[in-house]
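Have a look at the structure below before the remarks.
The values are calculated or read from the model by the stated rules, or taken from the named source; none is laboratory data. Being a predicted model, the structure only gives us computed values, none of them experimental. Here the Cβ positions follow ideal geometry from the backbone for every residue, glycine too, while neighbour counts run over all protein chains shown. Ligands, DNA and RNA are stripped out before the accessible areas are found, and what is left, the full protein with its side chains, is counted by its heavy atoms. Shrake-Rupley method; radii C 1.70, N 1.55, O 1.52, S 1.80 Å.
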Amino acid sequence: MTRPPGVILAGGRAMRMGGADKPLLDLAGRPLIAHVIARLGPQCAGLAISANGDPARFAPFGLPVLPDETPGHPGPLAGVLAGLDWAAGQGAAAIVTAAADTPFLPSDLCARLAAAAGASGLAVAAAPDPDGRLRRHPTCALWPVALREALRAALAAGERRVGLWAEAQGAGVAVFDGTEGDPFFNVNRPEDLDTAARLAGRGDAGG
């Protein structure tokens, strides 16, 4: 598979972080989103950031910023659609998405998603949680551009659940074992940022 473009989903309102601009929070001396760019960029044919609000705050990263076309902060599915529309304009067949608060993404994310996609062309990442139960991470996924009109219609009809919509499209599942730490650890709360800082300092998260 040709390397797909990547889209970093940074449109959340970060209510559990007190409304802070979470992608720009400092982690080990760099903005949180910079860690995601460093992990995802080498795997992709270009990157864009899906985000609402003033795009100038992401200017230091030199990447296109894609606002939601769907009003009302509908969540990451709207960011996926913005990414698919952007990729369609480039003639790309698919995108890989990752959340802006997942700084330890695996270095083989794109390849593993592509291998798991099957006939649907769509695949989501999954890894065991601390109790050993497999947890899907549908914001880290491979999305075929061919699904963009179906997604547009679903959003217009009120769909907001990323995982359920992906499953309904026949998404494959790329399972990561997490033996070197949770590759999809995400920063939702202030204490998560402290944990991420410790993991980044030890270099034992992700892959």
Legend entry - Sites Ala38 and Glu159 - FRET efficiency at Förster radius 30 Å, r taken between beta-carbons, to 0.05: 0.40
Legend entry - Per residue accessible area in Å² of the chain, where ligands, DNA and RNA are left out and the probe is 1.4 Å: 45
Legend entry - Using distinct alpha-carbon pairs, which all enter the 1/r mean, Kirkwood radius of region 100-207 in Å: 14.8
Legend entry - Over the chain: Kirkwood hydrodynamic radius from C-alpha pairwise inverse distances, Å: 16.9
Inset, instruction - Give me the percent of the accessible area of the chain that comes from carbon and sulfur atoms, probe 1.4 Å, all protein chains in place. - result: 53
Legend entry - Cα→Cβ-extended label distance, 7 Å offset, between Arg189 and Ala115, nm: 3.5
Legend entry - Helix-only [θ]222 nm of the chain, DSSP H runs n ≥ 4, -39500 (n - 2.57) each, per residue, nearest 500: -8500 deg cm²/dmol
Inset, instruction - Calculate how large, on average over all directions, the projected area of the Cα convex hull of region 65-157 is; give the answer in nm² to one decimal. - result: 7.3
Inset, instruction - Specify whether the C-alpha gyration tensor of region 28-99 places it in the rounded, prolate or oblate class, a ≥ b ≥ c being the square roots of the eigenvalues: rounded for a/c under 1.5, otherwise prolate if a/b is larger than b/c and oblate if not. - result: oblate
